[in-house]
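S.K.: Here's a structure for you.
The values are calculated or read from the model by the stated rules, or taken from the named source; none is laboratory data. As the structure is a computational prediction, the values presented were derived from the model and not from experiment. Glycine also receives a Cβ, built like all others from the backbone with ideal geometry; neighbour counts cover every protein chain displayed. All accessible areas refer to the heavy atoms of the entire protein, side chains included, with ligands and DNA or RNA removed. Shrake-Rupley method; radii C 1.70, N 1.55, O 1.52, S 1.80 Å.
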Amino acid sequence: MTDDLAGTVSRRMLMRGALGAAAALPLSAHLAPARAQPAMPLPPQDPAGMIASLTDGVFINANENPLGPGESALRALAGLEKLGGRYGFPLSARLATLFAAQNGLKAENIAIHPGSFAPLRNAMLAFSGKDRPIAYAEPTFSDGFYGANGQPVTRAVTVPLAGDFALDVRALLAAAPDAGLFYICNPNNPTGLVTPRADIEWLLANKPAGSLLLIDEAYIHYSDRAQSCLDLVAKGADVLVLRTFSKIYGLAGLRLGLVAARRDLLDRLMDYGVNIPPMPAVIAAEASLLDPALVPARKAYTAAVRNDVFAWLKERGIRTLPSETSFAMLHVGRPGEEVQAALARERVFTSGSRKHMPDWMRISFGTPAEMAAFKTAFAKVMGLKA
């Protein structure tokens with residue numbers, strides 16, 4: 001056994017051993033408070049100032065949920081101060097079991113991560129390379145595939161979205177017949193458009209042998225038409241499905257996500273890093289999953305805000321893509337970064353253009369009050385009637 005392989009096996013065994021030992025102990029054993037230590041002086045703190053730095057303006061640039069965690073999550077988080085120093089291994093296993101049960105899977109099909117960025121990147125590293133590239137259509141959420149120098153970490157084959165900004169899976173396969181990994185964000189970020197399930201199934205049936213589909217379902221809860229691929233995991237298909245609690249559940253700052261796949265595929269991901277999820281995020285996520293009213297209420301809330309903004313923009317001749325998510329692309333007719341910068345001067349922070357869409361920009365949907373401020377600033381910047 002090589003040193004590298006020995007290290008990989010050791011990491012894997014260490015993590016499983018820790019989880020197994022944790023699960024075997026009573027919950028009280030994990031949550032026992034540590035022995036008190038002498039108090040140390042703390043640096044001056046300014047909670048009001050820190051909050052103001054994140055709220056001094058209208059921030060509709062990062063697809064965050066303006067409502068934050070749900071009431072059920074907030075109740076679960078209350079009183080966790082004494083547990084902040086705990087890893088909470090058994091709680092992650094419990095969350096995996098709950099999510100699996102709710103989605104017709106086995107707990108062994110679920111790996112919990114601090115957000116979905118790490119498994120996205122790990123999947124790229126594990127299943128693509130020089131001889132078998134990763135393939136995807138642009139623009140999409142491809143941040144995890146690039147290094148600090150702005151270059152792809154591994155070989156990537158990309159195609160533009162079709163003329164209607166939809167994903168053409170046949171063009172993608174034709175461009176990368178040797179791909180090891182095909183990436184689909186569904187609904188897509190930044191367009192907000194849905195790739196039909198029939199297209200995903202076609203790609204799965206026609207892809208090269210041994211390759212995989214990586215399907216990011218970060219925004220699927222907002223859509224009426226997007227069909228989840230979690231059932232393909234249950235069937236043992238060559239797919240990895242990503243989910244996050246950062247969007248409709250409002251836990252972006254707590255950082256929690258998961259990947260669903262066959263156990264052998266999840267084991268491959270562990271070769272590229274074992275991520276310990278933050279315990280408070282796991283507790284908040286569990287409470288969110290157990291709240292049956294949360295997702296429908298937030299979906300309806302976002303749809304109402306989205307429909308209002310779309311109607312306002314249509315009245316003023318601004319084209320939008322028919323997003324089914326918490327964000328949308330707007331055609332501004334000039335470099336998107338120019339409009340983004342002008343809005344920022346009005347303290348309205350948005351996101352700029354994307355590859356192949358230079359005269360578009362993206363906005364996230366905030367509260368009605370935030371979108372009213374956006375309308376005022378956007379009308380001013382674009383020379384539209386208020």
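S.K.: Within region 316-332, is even one residue without any contact (Cβ under 8 Å) to a residue 12 or more places away in the chain, under 25 Å from Asn186 (Cβ atoms), surrounded by fewer than 17 Cβ atoms within 10 Å (Cβ to Cβ) and within 27 Å of the chain's Cα centre (by Cα)?
M.R.: No, region 316-332 contains no residue that is without any contact (Cβ under 8 Å) to a residue 12 or more places away in the chain, under 25 Å from Asn186 (Cβ atoms), surrounded by fewer than 17 Cβ atoms within 10 Å (Cβ to Cβ) and within 27 Å of the chain's Cα centre (by Cα).
S.K.: Now for a different question. Go through Leu204, Leu232 for me and flag whichever is farther than 26 Å from Asn65 by Cβ and open to solvent by 20 Å² or more (accessible area, probe 1.4 Å).
M.R.: Leu204
S.K.: Taking the options Asp231, Asp238, Asp224, name whichever one is of a type in the set (Asp, Glu) and in contact with a Gly (Cβ under 7 Å, 6 or more places away or on another chain).
M.R.: Asp231
S.K.: In region 249-264, which residues are surrounded by 22 or more Cβ atoms within 10 Å (Cβ to Cβ) and part of a helix (DSSP H, G or I)?
M.R.: Initially, region 249-264 is screened for residues surrounded by 22 or more Cβ atoms within 10 Å (Cβ to Cβ), giving 249-251, 254, 256-261.
Answer for region 249-264, where residues must be surrounded by 22 or more Cβ atoms within 10 Å (Cβ to Cβ) and part of a helix (DSSP H, G or I): just Leu254.
S.K.: Also, quick follow-up: State all residues of region 214-246 that are polar (S, T, N, Q) and in a loop (DSSP other than H, G, I, E, B); if no residue qualifies, say none.
M.R.: Once the filter is applied, which keeps residues that are polar (S, T, N, Q) and in a loop (DSSP other than H, G, I, E, B), region 214-246 yields Ser223, Gln227, Ser228, Ser246.
Condition check ((1) buried (at least 20 other Cβ atoms within 10 Å of the Cβ); (2) touching a Ser or Thr at 6+ places or on another chain (Cβ under 9 Å)) across all residues:
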| residue | (1), (2) |
| --- | --- |
| Leu269 | yes, no |
| Val274 | no, no |
| Pro277 | yes, yes |
| Asp291 | no, yes |
| Thr302 | yes, yes |
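Residues checked against (1) within 28 Å of Met329 (Cβ to Cβ); (2) of a type in the set (A, V, I, L, M); (3) assigned to a helix (DSSP H, G or I):
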{"residue": "Tyr87", "(1), (2), (3)": "no, no, no"}
{"residue": "Ala96", "(1), (2), (3)": "no, yes, yes"}
{"residue": "Ala100", "(1), (2), (3)": "no, yes, yes"}
{"residue": "Ile112", "(1), (2), (3)": "no, yes, no"}
{"residue": "Gly115", "(1), (2), (3)": "yes, no, no"}
{"residue": "Asn122", "(1), (2), (3)": "no, no, yes"}
{"residue": "Leu125", "(1), (2), (3)": "no, yes, yes"}
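S.K.: If you check Leu242 against the conditions, is it modelled with pLDDT of 95 or more, over 14 Å from Ser326 (Cβ atoms) and touching a helix residue (DSSP H, G or I) at 6+ places or on another chain (Cβ under 7 Å)?
M.R.: yes
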